[in-house]
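Right, one structure below, let's go through it.
The values are calculated or read from the model by the stated rules, or taken from the named source; none is laboratory data. Since the model is a prediction, treat every value here as computed from it, not as a measurement. Neighbour counts are summed over all protein chains in view; Cβ atoms, including those assigned to glycine, are modelled from backbone coordinates with ideal geometry.
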Amino acid sequence: MQVVFDVVDLLQLHEIWGRRPIVTAFARLERRPPQDTYSSDFSVDWLLPRLVHLRQSAIWRNNHKHRDDDPAQTPLGDFPQDCLHILYPEAKSPRQARQVLFTSAYNRFIVTRYQGTVTQTTLLLRTLAQVRQAESSHFLGADALPISGGEDWIPADLTDDIRSLDTRYQSDQPGTPAAYVIADDFWMLLTKVDDVVVQAAVDLFCAASDSSCREMCTQQLQEMITVARTWYRSPSVVGLCYQVM
């Protein structure tokens, strides 16, 4: 299992996903580079003929909420799932079509990211707290992952989409694991860390291990520090934590 710490511009994501017409959203997303190579492309030229087909379909005409609307003027977040399936017939299900589309849009608003195994990451964070002689409960939860902060950072109409980034999340089971906002206090564990502290944490963590352990742990700590400092310097972004298979 992998854990992900993202610093993401949720305000811009919310604007594109929940407010702008799909054509406008695609035009803007098409110009933004994705964080990974698995994201869907956002090509307006690809989209337009599919919107024409959707407007003429029985599914759209029978939709009481949208049948009098122009699909091209409908925000991405407002598209009924069965209508998204017409745009993406290759998807296994309408739900998967929405998830892929949202994740692809989300990936274009990630400012920086850390990803590592849950076991390695949590042990490193505990070790860093020990080296800094800090009470770990001020920064970490019982699972040694970042403590959670206020959910008011996530717009209400993005909540379920954000939560579903965590592949363990089941929307029909309230309380299941899900993506969450990282508390400001967690980042303080990392933002003021210098090379001396990093070296001390690596020495303690790796002990008698070989040089490969030291290299890997140093890199991982530096990556987490970079993410924390990026969050600290950018008051308009949000830190998110979630787990993926």
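Some notes on this structure:
- Residues being surrounded by fewer than 16 Cβ atoms within 10 Å (Cβ to Cβ) and within 19 Å of SER43 (Cβ to Cβ) - total across the stretch 57-85: 1
- Test: ASP6 is surrounded by 18 or more Cβ atoms within 10 Å (Cβ to Cβ), under 21 Å from ALA156 (Cα atoms), touching a residue at least 40 places away in the same chain (Cβ under 8 Å) and acidic (Asp, Glu): yes
- Among the candidates VAL7, VAL52, residue that is of a type in the set (Val, Ile, Thr), touching a strand residue (DSSP E or B) at 6+ places or on another chain (Cβ under 6 Å) and modelled with pLDDT of 90 or more: VAL7
- Among the residues of the stretch 104-130, those identified as part of a helix (DSSP H, G or I) and surrounded by fewer than 19 Cβ atoms within 10 Å (Cβ to Cβ) are SER104, VAL118, THR119, GLN120, THR122, LEU123, ARG126, GLN130.
- All of (1) among the hydroxyl-bearing types (Ser, Thr, Tyr); (2) in contact (Cβ under 8 Å) with a residue 12 or more places away in the chain; (3) surrounded by fewer than 18 Cβ atoms within 10 Å (Cβ to Cβ); (4) closer than 30 Å to PHE26 by Cα hold for THR159 with one exception: (2).
- Filter pass, PRO89 being of a type outside the set (A, V, I, L, M, F, W, C) and at pLDDT 90 or above: no
- In the stretch 8-26, the count of residues that are among the small types (Gly, Ala, Ser), assigned to a loop (DSSP other than H, G, I, E, B) and out of contact with any Phe, Trp or Tyr (no Cβ under 7 Å at 6 or more places or on another chain) is zero.
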